[in-house]
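Note sheet for the following structure.
Laboratory data are not the source of any read-out in this text; all were calculated from the coordinates shown. Since this is a predicted model, take the numbers as computed values, not measurements. Don't worry about glycine lacking a Cβ; one is built from the backbone with ideal geometry, like all the others, and counts go over all protein chains shown.
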């Protein structure tokens, strides 16, 4: 493990689901001297050893090299999921913004770049076994989220060849949830027509069992711990991050006491496509297609090289998240603002 005592760590996307957890853990880490959080809007939240800077990565006027000067590591988490009907807009923030971050890391001489990739970067893969980090990362081309994550994997391939002195780590987490992100994720994926208080297992007469709908989940704080470890560890390359067991209709049925009922992919997709086309649902049918094809990930490398272990199981993660949705949980940042249920 390399020493980071007195180090300055910069975190982009510091006020979002992952960013708030990463900033909190770094601010509590005695080996970290200071944290600079970058976000479009400075939050009211003020953890120890943390300063804020208002930066929009989509703007070419942002002087990122100045923000990164003297940093021991940059943790790049900034990401926009919407507008899903305007992929050019998310491309400007997610891809062009990330390229600005990578260029500024090199220009400022930052020795380490920890980048938030995703299970969504992976090419279609198996649901009956897990794959390691060598699985192809070409994404699902029809889904903007996967296309952008895969494109940045190729961008980092080039970056690493051109800047071998920079230690590059790519985190590929499963779907991330925590109580404080519940309101944000309801808005991003469910939209304004999904009332949080109505998300109750007892209201489900049955669970749709869709072929291929078998995914992995992880608590955001557990993912953040992997980022913290990667800041300190002398490691490079990609790390899969997920909790056990995989989530499917059988597991959810046991959790909720609901009966799984087989539903054809085409029927489910048609309903999602209709709602998305009418702007009733933010989550696109293209992302649904991708989710059905995502591989299950093997996390052996994170366990062995980072000494990382998730503290929560997937059912515990989902139970906490659903409770957060019902209670309108959030945090004192613009992305995570909540609305407590009455």
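What is the range 241-301 by shape, rounded, prolate or oblate, if you read a ≥ b ≥ c off the alpha carbon gyration tensor as root eigenvalues and call it rounded for a/c under 1.5, prolate for a/b larger than b/c, and oblate otherwise?
Here the range 241-301 falls in the oblate category.
Run the helix sum for the chain: -39,500 (n - 2.57) per DSSP H stretch of 4+ residues, divided by residue count, reported at 222 nm to the nearest 500 deg cm²/dmol. Write down the numbers at each step before the final one.
On the way: 12 runs with 117 residues, N = 342.
Helix-only estimate at 222 nm: -10000 deg cm²/dmol.
Could you calculate the FRET efficiency of residue 275 with residue 134 from 1/(1 + (r/R0)^6), where r is the beta carbon distance between them and R0 is 45 Å, rounded to 0.05? Each step should come with its number before you reach the end.
Numbers: r = 37 Å, r/R0 = 0.82.
It comes to 0.75.
Determine the distance separating the Cα centre of the range 157-172 from the Cα centre of the range 261-275; give it in Å without decimals.
Using only Cα atoms, the two centres lie 40 Å from each other.
Ranked highest first by the average count of other Cβ atoms within 10 Å around their residues, in what order do 139-149, 207-217 fall?
Peptide ranking by packing, descending: 139-149, 207-217.
What is the calculated FRET efficiency for residue 262 to residue 85, with r their C-beta to C-beta distance and R₀ = 41 Å, to the nearest 0.05?
Once rounded, the FRET efficiency stands at 0.85.
What percent do you get for the relative contact order of the chain when only Cα pairs under 8 Å and 6+ apart count?
In percent, rounded to a whole number, it is 22.
Label residue 254 and residue 162 with points 7 Å out from Cα along Cα→Cβ: what is the distance between them in nm?
Label at residue 254, label at residue 162, 4.9 nm between them.
Peptides 72-82, 286-296, 40-50: what's the order by average Cβ count within 10 Å, highest mean first? Please report the intermediate quantities before stating the final value.
On the way: 72-82: 23.2, 286-296: 20.7, 40-50: 15.0.
Going by the mean number of other Cβ atoms within 10 Å, highest first, we get 72-82, 286-296, 40-50.
Normalised by the residues of the range 1-84, what does the relative contact order come to in percent, with Cα pairs under 8 Å and at least six apart?
37
Normalised by the residues of the range 25-169, what does the relative contact order come to in percent, with Cα pairs under 8 Å and at least six apart?
Relative contact order comes out at 19 percent.
How far is helix 144-162 tilted, in degrees, relative to the longest principal axis of the Cα atoms in the chain, given as a value from 0 to 90 rounded to the nearest 10?
Taking the Cα atoms of the chain, the angle to 144-162 is about 20 degrees.
How much of the DSSP bridge set in the chain is antiparallel, in percent, rounded to the nearest 5?
5
What is the Cα centroid distance between the range 314-338 and the range 25-52, reported in whole angstrom?
Going from one Cα centre to the other spans 21 Å.
Rounded if a/c is under 1.5, else prolate if a/b beats b/c, else oblate: with a ≥ b ≥ c from the C-alpha gyration tensor eigenvalues square-rooted, which is the range 76-136? Don't skip to the answer; put the middle values down first.
Details: a/c = 3.29, a/b = 1.30, b/c = 2.53.
The shape class here is oblate.
Expressed as a whole number of Å, what is the distance separating the alpha-carbon centroids of the range 128-145 and the range 104-125?
16
Ranked highest first by the average count of other Cβ atoms within 10 Å around their residues, in what order do 7-17, 255-265 fall?
Those peptides, ordered most packed to least, come out 7-17, 255-265.
Among 219, 85, which comes first, then next, by fewest other beta-carbon atoms within 10 Å? If you can, show how the numbers build up before the last one.
Working: 219 24, 85 12.
Listing 219, 85 from fewest to most nearby Cβ atoms yields 85, 219.
With everything on Cα atoms, drop me the angle between helix 97-108 and the longest principal axis of the chain, reported from 0 to 90° to the nearest 10.
That works out to roughly 20 degrees.
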